[in-house]
Each structure stands twice: as C-alpha cells, then as structure tokens.
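**Student:** Have a look at this one before I ask anything.
The values are calculated or read from the model by the stated rules, or taken from the named source; none is laboratory data. Just so we're clear, the structure is a prediction, and the values are computed from it rather than from any experiment. Here the Cβ positions follow ideal geometry from the backbone for every residue, glycine too, while neighbour counts run over all protein chains shown.
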2 protein chains.
Amino acid sequence: MTTYKAPLIDYKFLFEEVFDVYGIYEDLPNSSDLTPELTDSILEQAGKFAEQEIQPLNYPGHEEGCHWKDGKVTTPKGYKEVYQKYIESGWTQISENPIYGGQGLPRIINAAIGEMNLSACTAFGIYVTRDGSIAAIENNASKALKEKYLPKLIEGSWGGPMCMSEPHCGSDLGLLRTKAEPRTDGSYSISGTKMFITGGEADLAENNIHLVLARLPDSPKGIKGISLFIVPNILVNDDGSLGEKNGVSCGSIEHKMGLNGSATCVMNFDGATGYLVGGINKGMHAMFSMVNKSRFTIGQQGTALAEVSYQNAALYALDRLQMRALTGAQNPELVADPIIVHPDVRRMLLTQRAFAEGSRAFNTYIALLFDKQERTENEKEKQTCDALLDLLTPICKGFNSEMCTESVNLGLQTFGGHGYIRENGMEQFVRDARAAQIYEGTTGIQGLDLLGRKILASQGELLKVFTKEIHLFCEENKNHRQIKPFINRLSDVNNQWLELTLKVGTQAMTDPNNVGAASVDYLMYSGYVTFAYFWAKMAKSSAELLEKNDSHSPFHQAKLQTARFYFERLLPRTSLHAELILSSSDNLMEMNSDHFVF
Amino acid sequence: MTTYKAPLIDYKFLFEEVFDVYGIYEDLPNSSDLTPELTDSILEQAGKFAEQEIQPLNYPGHEEGCHWKDGKVTTPKGYKEVYQKYIESGWTQISENPIYGGQGLPRIINAAIGEMNLSACTAFGIYVTRDGSIAAIENNASKALKEKYLPKLIEGSWGGPMCMSEPHCGSDLGLLRTKAEPRTDGSYSISGTKMFITGGEADLAENNIHLVLARLPDSPKGIKGISLFIVPNILVNDDGSLGEKNGVSCGSIEHKMGLNGSATCVMNFDGATGYLVGGINKGMHAMFSMVNKSRFTIGQQGTALAEVSYQNAALYALDRLQMRALTGAQNPELVADPIIVHPDVRRMLLTQRAFAEGSRAFNTYIALLFDKQERTENEKEKQTCDALLDLLTPICKGFNSEMCTESVNLGLQTFGGHGYIRENGMEQFVRDARAAQIYEGTTGIQGLDLLGRKILASQGELLKVFTKEIHLFCEENKNHRQIKPFINRLSDVNNQWLELTLKVGTQAMTDPNNVGAASVDYLMYSGYVTFAYFWAKMAKSSAELLEKNDSHSPFHQAKLQTARFYFERLLPRTSLHAELILSSSDNLMEMNSDHFVF
C-alpha cells in the first residue's frame, strides 16, 4: 500500500522564498490580509485532510470502481462520507467569490489544496474540483442564473459536470449534434447524447448542474453555431428548493484504464429544460473561460501523481535491499545494499522529483497569474496576465501530463516486479495518470493550440511576454556566483526558443503541415525551457538562503542538487526537440494513407 | 474490440529479401530442406491460428483474469481448449530437437510463430513459450533426465515454469534461500517459497516441470552456491507415467497491472523431490543457457504488442473523422477528414510502425544467430554467433521493451478518449506491455549487463564484432544511389558508438558509478544504432527491388518511407543519449540518501 505526505515544506518555500507571494498580495486590491500564518494553517489542515481522509479511499476505490444500476451511479465505498465531510469543512469555498458564499482567498491556496487532493486520490480529487464550471457561469451567465446556481455549487452540495464530447466528436466540437430548441418561456428544450462526462451522475452531490454545449435549430454549422446551457439534473424552484426531475439521465458508465472511482458517464438529454449561458451561438466563447482553469487542473494532476509516485518510489528505494553498490558494499552488515545506492535508481528518482517539484513551481506561478488577473486594477498588468495564461496553459496541461506519465512509470519501475502488482499501488498511478494526456484536449491538441492558435497567430507576441521575463531574470543573475552555469543554459535555450519560433513560422508559410509536424516537439521544447526557468529561480532562492544563513539546510541543498540534475540531465532534451521541430513534414506526409495498413 | 492480422508479407520480405535466409540454410548442416514454400505454408497456418483461435481469447481473458482456489489455478474461459488445440496441431514442436520429438525446423520459424501468438494474445502466448526451460534441460541435464522430461515438454502436454525469484530477491539471486537437501537416492529435498512464477500452476498442461534454483546446505554464499533442479509438480514414474503428487503447491496468484490471463504464482516447495540439473553450485551457469532465449522472448513481446497496437491505431486513424487537414479539407463530402491527415497522428503511427518493423528485423537476425550457433560446424562462426548473441540479447530485451511501451502508449493516444476505455482494447496493450520492461531483468539490469558484463568486461571486443559488420555494410553501400543518406548517418552513429564506449570505459576507471550512471542511456543508444542498421538493410532491399522490377509495390515504397522516418525522426535521439552517457555520475550521487524524502 502506498502512503502520502502533503508537500507543505515545498509550498512554504515556493510561497515565501521563490515567488514572494505575500509581497505580491500586499499590493493587490482586497488581498492584503493574506499572512504566512493563515496560509500555513490552512494548508496544514488541508494536508491532514488529504493524508488522513482522502488517501485511504485511493486503492480500495481503484479496485472497487463505480457502479451503475438503472441510471444511478454509486461511487466506491467511503467516497460519499468523505465528500460530505469535505464540503462541510468548507474546502470547496476557499477561493470562490464571497458574493456567492466563497471565502475569497487567493486561488493560489486553492490550487495547493487541489494538488494535495489529487495526490491523495485523483479520482476523488476530481469530484471536488469545479473551478471550470463556476468560472463559466460566473463570467457568462445572467445575474439571476448566477444567484440561483453558484451558491450551491460553491458550497459543494451541487456538482457541475461539463458536457461537451459526443460519441462522434471529441476534439472537433464543431460536429456536435445535441439540439436546443427555444421554448416560449425563455428556456430551451435540450436533446442529445453526451459522452465521457466526468461525474455526470454520482451519489455525492444532491443535484448536478450540467453545463451543456448544444446547437439551436437555425444556428450556423460548425463551432460558430454552438451555445452553452445550464441543465440541472433536478429542476430548481424559484425559492431555491429542488423541484421536479429534469429530462436528464445517465445511460451508462465507462470501464476505463484507470480513475475507476471517477464516474465517466454517457448522459442522455431528452427534452430537458436548459437555460442559456451567455449569448446564442456564443458557447465556444463561454466555454473558453473555463478551458484555461480546467486545463490547469489537469496539469496539476500531473504534478500530483508524479509527487505521490515519487514519494513511494523513494521510500522503497531506501528500504529494498538488493545487490551491492558498484563502488563496494555500503552497508556490509546487511545482506545487500538498499537500491538507492545504484546510479540508475537515482536517475529514475531524480527525474520524478525534478518533474514533481518543477511542475509545482510552474503551477504556483500560474495560480498567481489567475489571482493577479482577477484582482489587479492595472489594465496593463491584466493584459500581461491574460497573455501569459493563454501561452502557459497548453504547456502546463500538455507538458505536465506527458512528464507525469514518464514519472509514474519510473516510479513503478523502481519497484521492479513489485511495481506490476496491483496491491502495491504503483500501477494505479500509471493508470490514473494516463488520462491526463487525453482529456481536456490531447497532447496533440495542446501542441496545436500552443504553436498555431497562440504563438503563430499572435506572430510571436504572446511568447515574447514570457521570454522577456526569462531574459530579464537571466540578465539580473548572469554573474550570480552559485547559479551562473544554470543561468547560462537557461539564457541559451530561451534565445533558441525565439529563433526556433521564427524558423517554424517561416516553414509554416510554405506548408501549413509543418505546424502540425512541429507542434508536439515544440510543446515539449517549451515545457523544458519553462521548467528550467523555475528550476533556476528555485536554485537561486536556495543558494542565497544557504549562504545568508550559513546553513546546511538539507531541504535547500537537495533543491540545488535537483536543479543541477534538471539542468544536466533533463534540459539537454531540448536539443533533440529543437532538431525535430525543424524536421520537414515530408517525412510524415509522403506516405499514402492507404499504405498504413497492409 | 481490436483485430489482428499476421504480418506474413513482412516475414516473407525479411526471410527472402533482407536476410537471404534460404541461402544461409542451404549452407548449414541438416538445414537445406527449408524452402520458401514450406515456410510460407507453416507461417500462413500459424498466422491463421493466431488470428482465429488465439486472438479471440485476448480481451475476454483480460477482463476475466485467472482464478485461484485451494491451490488450483483456472485460466480464463477458452484458454484450455485453445491450448489443447495448439499442442495437438504440433506448434510447440516446430523448432525443437527431433531426438525428443521436435520437428527440427529452424528457430527462425518458431520465432515468427512466437511473435504472432504474442500479438494475438500475449498472456496466452506466454504459456506456449518454453524455449528457455527446454534449453536449460537440453544443455545441462543428464541423458536420463532429458529422455524423461523433454518429450512431454516439447509435445506441450507438460509445462516448464522457471522458478528463480523469491520475495526478498529478484535481480539479486545471490540472496536466495530455497534449500536443497541431498537424499540418499541421489534426489534432493527442495523447500522454500518462490514468487512471480509465470504459469507456476495452471489448468492447461497435465504436469508442470519446475526448474528451481536452490542452495545446498554447505554451498557457498551468494550466486556461487546456487544449483538448478527439476521439480515436477506430479512425480513421473520410470515408465513415464504420472505418479504421486510432489510437495509443490501454489500459495496464491498475483493481481497485476496486466497480463491478467497469465497466472503469476507464489509457489511453495515443501520437501519436494528435485533432480539436479548440471553440477552442484553450477545453477547460475545452467540458468544462463536459458537466459538469452528467455530474454529474446521478452524482446519479441515488445514487437508483438507494438505491431498489434499499431494495426489498430492505423485502422482507427483511417476511420475516425475529426477536424480538417491543416492544408484544407481532404474529403469535403464528409463532415470531417479522417485523422490520418494530421501530421502529428502520422508521427505517432510511424513511430509505432518503425519500432514494430525495425524490431521484427532485429529479432529475425537474432533467431538466425540462434540457428547458426546450434547448427554450424565451423568453430569460428559459432564463436561469432556466441559473441553477437551475448551482445545483442540485452539490447533486444531492454530496448524493444522500452520502445514497446512508448509505441503502445502512442496507439492508445491515437484513439483519444476512446483509447482510455477498456472495451476498445488499446489500454490492454499498454498494461500487458508494461511487464516487459521488468521481468527477466529490468531495463536497468539489461543496461548493466550490456555495458558492464558484456562490453567493458570484454574490453570492447564483443561490441567490435557487431560494429565491424555494420562498418562493412556501410562500406559496401556508401555509394548506393538511393540509400546513401541513410548509410552516412548509420556510419556516423556506428563510429560514435565505439568512441563513446572508449570514453565511458575511461570514466569507469576513475569511478565505477559512471558505469551505472551511463548504462541505460548506453543501452538506448545501442538500440537506436542497431535498429538503424536493420532499417538501412530493409531500405536497401526495398530500393533495389523497386528499381529492378521497375515496380511501384506499395509495400516496398512504404518500407523506404518508414526508413526515412526512422532516420530523420527517431535516430536523432542518439545525440541526446550520447550526451547523457558522458554526463558525470556526480549529478546522481551527490545527494545524501536521507534527502530523498522530507
């Protein structure tokens, strides 16, 4: 069985030393009351809840899975009780708008809690994440709809599943067929079948407020004809009480590779009553206001699973006795040395750790951007936040999820044969993690979003907002005694990022397929540079603290050593991706489609 | 549900055009009667058996798994009937020694059949693979033991599980505790617990002939004190009939990530009667005669799963309509284009295909070496085969299994969300494949075996046998009109292979940890060069055939295009591995063990 320990020390380091979170919040409107003491106490409580209440659900829920019978879904044993406890403790309200019952604390805190929940039990953690739905309603719905639905969503007693995919359309929402026919009372009659609906039906919340993409009869074809609707599972009376059952039903649940405790539903809408959110045919716009938040959550899943897999792999490597160190017995009194003496075991562990901690820093930076974006009254700062979030979200989602799969596989590998055995829990992390590369848009989609829709469409402007920040950091620290070698490498790959972008943009002009051919390697390249920036920042803080306090703090020493590992053993992957970005699309496109199968 | 089509056309290409198998066998003793007609007919029948009988077991067996009750194991529904049919058709006998009832056909044919079985249903394919056990007995046991046990093993009515691992020892067999106490009648009393025993108990064969590693009471500690024993599940009378039950029992079966149809058993030996195979304390030596064959089989699993996952992913990509090509609609009459128009989907498919076909060529070359090694009467040729097999086995096992996991994950990814759903069968390939990186020695162990035990221990001599062959091929073809660019690249990485080996050897002298730090990257580097050699050979045959016959054979065109993809998009990974091979072990070893967990 696996264990989990909330990474409180790392969050404290990031908040106080790397990102100067308290300094930043002091300058933001309505945020100055955030203190380290308050944050520490909240995160400590949340960590305890994750470790003690949520984590025990993880393995049994994987083995039991969800049950579907006559349209009703039962989650694994214990989920319901812990969910109830979770919402009663107010955890869903932390960073939501006080107007609708939220506590109004910065999103950075909610993000940290989210990671812990997802580490402890990813399938459960997904049920208590509804930032995306809340954002879609808050940013797009009418005042009346907001007042009717947001308080219960924020309180957690209602869920908010997002209903986009249909059997014949996943990435290509333009193909969707679900119909919305206007009724005379201003509501709509929604009919169609949605699939892959996470938490579409479950026994946790007393009601589900579905956010459904559908098409009006006279709407244009494609994505320009899509509108967004609130479709409650149980209709809500004007006084807020629950009324009649709506025409919504769960047709079945999927049997998946992992995330067995998370119900993935086929949802049937059969003349169900729906309420328009945002304008007619403005569904894609409304949806995009939740996309960044939802994709960020998937990026966090990457961190969460890499972290918990790392923790367990490291403990195993310290404990498992097998063979002797190549340099001679390290523990001659034992029958063998612990496998952590082997360089290759350390290579696997440090890869996991560099990803877990690097991505945590990256996520924290993004959560900070969400806060600044929402709170700042400085229009220019808001625009910078918008730009950075647009740029970094596909990297966070795409790169973190790819790295997570690599990490959790290394965690399993560290266990050897015991990693392949279900009871030991390491294979669950691999299976649970695998979804993150797919849902909310596959890695391929993230690559196209980043390179095509974001970078090339802005003629590189979006990218420059971030590379300039990195450039300034490099300039500031180019003579920094301890981290100079890191800064040199960071500066090189940062400059190369712009050069590659220019070249791929030129290639795209001769053949649009060059964008698709380069996109995933471009995404991966971008991820490694981004992580290098955050590892350099963490190294700087650690080096300065060690020097200032003349200390031998193991935590800060380990940070510096992990940074070195990152720069010397992971960042070199950028060279390979750079070469592949510039490889022509010919070697992909020349084969006749019919010759893929003989 | 997935489908499978035996790659007969590819095997015909490899046998007749790439490796000139029939020319080679004409020159080998007792082998000249092998004709293309005979081979084609055998492989066609075997392919049909795999497609029609074995493949239907695959998904249901994954879902059902094996059952254990009161020490008895029941395999999934249908396994028993197909197993019976398989052995009645004589498939287990194909390449075994005619003295013991085998058909004496070259191993290259058996290897091809093995791949097809493993593609159709890996868990089932494992039950009918017993080359390793047969080799261990044939090469080491007394005449009496061989005559008693080999005919039934070869016939398939008895199984031959290998019993090495114990709960506290996997890679480090020196720690094993199972005891063998000599009895006055020359037999031994075997006691101890073995785990991770594939097919240790099952309802398929009427008896199991366990090959058990154990330690005599006065044997030296470590691997020098290990002996190998035959321990039948049911004792065999002198007339060959089955006698009393032996003291062997199955304590439980593991619940695994995949290979659910393959029973992985805890086996208890409780004063069981065993018979010494090879000399006392010569167990490791006897075991090594089966290790190359067993590891080769795992390498084949890599090919098998990459192939079947590729086939299904390619069919899906041709069928699934989603979005338009970046260059504009390719099928304007349809609602969307098939996803095979997208460069990144092709990148995923071609990666799978380049690995599946490249590894099939590699495996075929190895199987040919097994045949030459066994049949040649030329001592020098035999030594060359020994050297090449020692060198290439860890690459085949380690590299193929790593590449397989990458491939099957790309197959799943091509399906998008539908890949994550169990019923669609793509996730099973990922789960089944994952074991190959672990059993018969993890990738880390293969890396150490290759770099430490094989290459550095032979002072590079083993490596030179292979790089010289590649060098000669490059010299011969350096002016070859169509494949010149491939030859140039192959020649470069081949030369670099020797240079890197020299450097890592020098680094190893200053610090043995540099061997461990480099080993997995060295293994991967070696794999990419090896595949480049076989892709260059396949490209050469294809180019010449296309020219000679003035033909547009799609099969040979596709081979050339896949070769180009390999050289332009996969072989560049060597640069990264080369850099990491030379990265110092300091960045792995400097962190204090205690600082891996906070």
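**Student:** If you check A:Q482 against the conditions, is it within 11 Å of chain B (Cβ to nearest Cβ), touching a helix residue (DSSP H, G or I) at 6+ places or on another chain (Cβ under 9 Å) and not small (G, A, S)?
**Tutor:** Answer is no for this residue.
**Student:** Going by the structure shown, is B:A517 over 24 Å from the mean Cα position of the chain (by Cα) and facing chain A (nearest Cβ under 9 Å)?
**Tutor:** Yes.
**Student:** With B:A135, B:A112 as the choices, which residue is of a type in the set (A, V, I, L, M, F, W, C), at pLDDT below 95 and either within 28 Å of B:S252 (Cα to Cα) or outside any loop (DSSP other than H, G, I, E, B) (or both)?
**Tutor:** Details: B:A112 fails: at pLDDT below 95.
B:A135 is the lone residue from the list that is of a type in the set (A, V, I, L, M, F, W, C), at pLDDT below 95 and either within 28 Å of B:S252 (Cα to Cα) or outside any loop (DSSP other than H, G, I, E, B) (or both).
**Student:** Tell me the residue from B:K382, B:K468, B:K454 that is modelled with pLDDT of 95 or more, of a type in the set (K, R) and in contact with a Leu (Cβ under 6 Å, 6 or more places away or on another chain), please. Walk me through it before giving the result.
**Tutor:** Values: B:K382 fails: in contact with a Leu (Cβ under 6 Å, 6 or more places away or on another chain); B:K468 fails: in contact with a Leu (Cβ under 6 Å, 6 or more places away or on another chain).
Result: B:K454 is the single residue among B:K382, B:K468, B:K454 that is modelled with pLDDT of 95 or more, of a type in the set (K, R) and in contact with a Leu (Cβ under 6 Å, 6 or more places away or on another chain).
**Student:** Output the residues belonging to the stretch A:307-337 that are in a loop (DSSP other than H, G, I, E, B), closer than 18 Å to B:P167 by Cα and touching a strand residue (DSSP E or B) at 6+ places or on another chain (Cβ under 9 Å).
**Tutor:** A:R320, A:Q322, A:L334, A:V335, A:A336, A:D337
**Student:** In the stretch A:217-270, which residues are within 14 Å of another protein chain (Cβ to nearest Cβ) and either in a loop (DSSP other than H, G, I, E, B) or among the charged types (D, E, K, R) (or both)?
**Tutor:** Of all residues in the stretch A:217-270, those within 14 Å of another protein chain (Cβ to nearest Cβ) come to A:221-223, A:225, A:252-260, A:262-266.
A:K221, A:E254, A:H255, A:K256, A:M257, A:G258, A:L259, A:N260, A:S262, A:A263 - these are the residues of the stretch A:217-270 that are within 14 Å of another protein chain (Cβ to nearest Cβ) and either in a loop (DSSP other than H, G, I, E, B) or among the charged types (D, E, K, R) (or both).
**Student:** Oh, and also: Yes or no: B:N378 more than 14 Å from every other protein chain (Cβ to nearest Cβ) and within 24 Å of B:F567 (Cβ to Cβ)?
**Tutor:** Taking the combined requirement at face value, the residue does not satisfy it.
**Student:** Taking A:C385 as meeting all but one of (1) farther than 21 Å from A:F466 by Cβ; (2) without any contact (Cβ under 8 Å) to a residue 40 or more places away in the chain; (3) in contact with a Phe, Trp or Tyr (Cβ under 9 Å, 6 or more places away or on another chain); (4) away from chain B (no Cβ under 11 Å), write down the number of the exception.
**Tutor:** (1)
**Student:** Given (1) surrounded by fewer than 17 Cβ atoms within 10 Å (Cβ to Cβ); (2) of a type outside the set (V, I, T); (3) part of a helix (DSSP H, G or I), identify the lone condition not met by A:A518.
**Tutor:** In the conditions (1) surrounded by fewer than 17 Cβ atoms within 10 Å (Cβ to Cβ); (2) of a type outside the set (V, I, T); (3) part of a helix (DSSP H, G or I), A:A518 misses (1) alone.
**Student:** Further question on the same structure: Can you name every residue in the stretch A:414-430 that is under 22 Å from A:N260 (Cα atoms), surrounded by fewer than 24 Cβ atoms within 10 Å (Cβ to Cβ) and within 7 Å of chain B (Cβ to nearest Cβ)? It would help to see each step written out before you state the result.
**Tutor:** Start the filter on the stretch A:414-430 by keeping residues that are under 22 Å from A:N260 (Cα atoms), which leaves A:418-430.
Going one step further and asking which of them are surrounded by fewer than 24 Cβ atoms within 10 Å (Cβ to Cβ), we end up with A:418, A:421-425.
Once the filter is applied, which keeps residues that are under 22 Å from A:N260 (Cα atoms), surrounded by fewer than 24 Cβ atoms within 10 Å (Cβ to Cβ) and within 7 Å of chain B (Cβ to nearest Cβ), the stretch A:414-430 yields A:I421, A:R422, A:E423.
**Student:** Give just the number: which of (1) under 14 Å from the mean Cα position of the chain (by Cα); (2) assigned to a helix (DSSP H, G or I) does A:G441 not satisfy?
**Tutor:** (2)
**Student:** Residue by residue through the stretch A:525-550, note down the ones that are under 15 Å from A:H480 (Cα atoms) and aliphatic (A, V, I, L, M).
**Tutor:** The answer is A:A536, A:M538, A:A539, A:A543, A:L545, A:L546.
Residues checked against (1) among the basic types (K, R); (2) on the phi < 0 side of the Ramachandran plot; (3) assigned by TED's automatic domain parsing to the domain that holds A:T198; (4) under 14 Å from the mean Cα position of the chain (by Cα):
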site	(1), (2), (3), (4)
A:C66	no, yes, no, no
A:G90	no, no, no, no
A:P98	no, yes, no, no
A:A111	no, yes, no, yes
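**Student:** Just to check your reading of the model, which residue among A:T562, A:T510 is within 13 Å of chain B (Cβ to nearest Cβ) and either at pLDDT below 95 or farther than 20 Å from B:F596 by Cα (or both)?
**Tutor:** A:T510
**Student:** For the stretch A:576-592, indicate whether the set of residues that are crowded, with 17+ Cβ neighbours inside 10 Å, more than 7 Å from chain B (Cβ to nearest Cβ), assigned to a helix (DSSP H, G or I) and touching a residue at least 60 places away in the same chain (Cβ under 8 Å) is non-empty.
**Tutor:** yes
**Student:** If you don't mind, another one. Of the residues B:F565, B:F598, only one is out of contact with any Gly (no Cβ under 9 Å at 6 or more places or on another chain), in a helix (DSSP H, G or I), of a type in the set (F, W, Y) and farther than 26 Å from B:L388 by Cα; which?
**Tutor:** B:F565
**Student:** Among the residues of the stretch A:271-313, count how many are within 14 Å of chain B (Cβ to nearest Cβ) and farther than 30 Å from A:K224 by Cα.
**Tutor:** 8
**Student:** Return a yes/no flag: does the stretch B:33-40 have any residue that is within 23 Å of the chain's Cα centre (by Cα) and surrounded by 20 or more Cβ atoms within 10 Å (Cβ to Cβ).
**Tutor:** yes
**Student:** Same structure again: Return a yes/no flag: does the stretch A:447-455 have any residue that is away from chain B (no Cβ under 13 Å), over 30 Å from B:T264 (Cβ atoms) and not aromatic (F, W, Y).
**Tutor:** Within the stretch A:447-455, one or more residues are away from chain B (no Cβ under 13 Å), over 30 Å from B:T264 (Cβ atoms) and not aromatic (F, W, Y).
**Student:** I'm told A:P76 meets every condition in (1) crowded, with 19+ Cβ neighbours inside 10 Å; (2) within 23 Å of the chain's Cα centre (by Cα) except one. Can you identify the failing condition by its number?
**Tutor:** (2)
**Student:** Based on this model, can you work out whether A:S309 counts as crowded, with 17+ Cβ neighbours inside 10 Å, under 18 Å from A:I197 (Cβ atoms) and not assigned by TED's automatic domain parsing to the domain that holds A:P60?
**Tutor:** No: the conditions fail for A:S309.
**Student:** Something else about it: Can you find a residue that is touching an Asp or Glu at 6+ places or on another chain (Cβ under 8 Å) and not in a helix (DSSP H, G or I) anywhere in the stretch B:392-404?
**Tutor:** Taking every residue of the stretch B:392-404 in turn, none turns out to be touching an Asp or Glu at 6+ places or on another chain (Cβ under 8 Å) and not in a helix (DSSP H, G or I).
**Student:** Then there is this: Please determine, by comparing only the residues of the stretch A:540-559 that are within 14 Å of chain B (Cβ to nearest Cβ) and part of a helix (DSSP H, G or I), which one is surrounded by the fewest Cβ atoms within 10 Å (Cβ to Cβ).
**Tutor:** Selected residue: A:P554.
**Student:** Can you name every residue in the stretch B:25-50 that is part of a helix (DSSP H, G or I) and either over 18 Å from B:I94 (Cβ atoms) or of a type in the set (S, T, N, Q) (or both)?
**Tutor:** Step one: of the stretch B:25-50, the residues part of a helix (DSSP H, G or I) are B:25-27, B:36-50.
Of everything in the stretch B:25-50, those that are part of a helix (DSSP H, G or I) and either over 18 Å from B:I94 (Cβ atoms) or of a type in the set (S, T, N, Q) (or both) turn out to be B:E26, B:D27, B:T39, B:S41, B:Q45.
**Student:** Kindly check whether there is at least one residue in the stretch B:80-97 that is assigned to a helix (DSSP H, G or I), closer than 26 Å to B:Y25 by Cα and among the acidic types (D, E). First the steps, then the outcome.
**Tutor:** Step one: list which residues in the stretch B:80-97 are assigned to a helix (DSSP H, G or I), which gives B:80-88, B:91-93.
Add one more test, that the residue is closer than 26 Å to B:Y25 by Cα, and what stays is B:91-93.
Checking which are among the acidic types (D, E) leaves us with none.
No; the residues of the stretch B:80-97 include none that is assigned to a helix (DSSP H, G or I), closer than 26 Å to B:Y25 by Cα and among the acidic types (D, E).
**Student:** Okay, next question. Could you tell me which numbered condition B:A304 fails, if it satisfies all but one of (1) in a helix (DSSP H, G or I); (2) of a type outside the set (S, T, Y); (3) surrounded by fewer than 24 Cβ atoms within 10 Å (Cβ to Cβ); (4) in contact (Cβ under 8 Å) with a residue 60 or more places away in the chain?
**Tutor:** Every condition holds for B:A304 apart from (3).
**Student:** Could you tell me which numbered condition A:N208 fails, if it satisfies all but one of (1) buried (at least 23 other Cβ atoms within 10 Å of the Cβ); (2) outside the structural domain of A:G65 (by TED's automatic domain parsing); (3) touching a Ser or Thr at 6+ places or on another chain (Cβ under 7 Å)?
**Tutor:** Condition not satisfied by A:N208: (3).
**Student:** If you don't mind, another one. Can you tell me which residue among B:Q373, B:Q437 is more than 30 Å from A:D172 (Cβ to Cβ) and surrounded by fewer than 24 Cβ atoms within 10 Å (Cβ to Cβ)?
**Tutor:** Just a single option satisfies the conditions, and that option is B:Q373.
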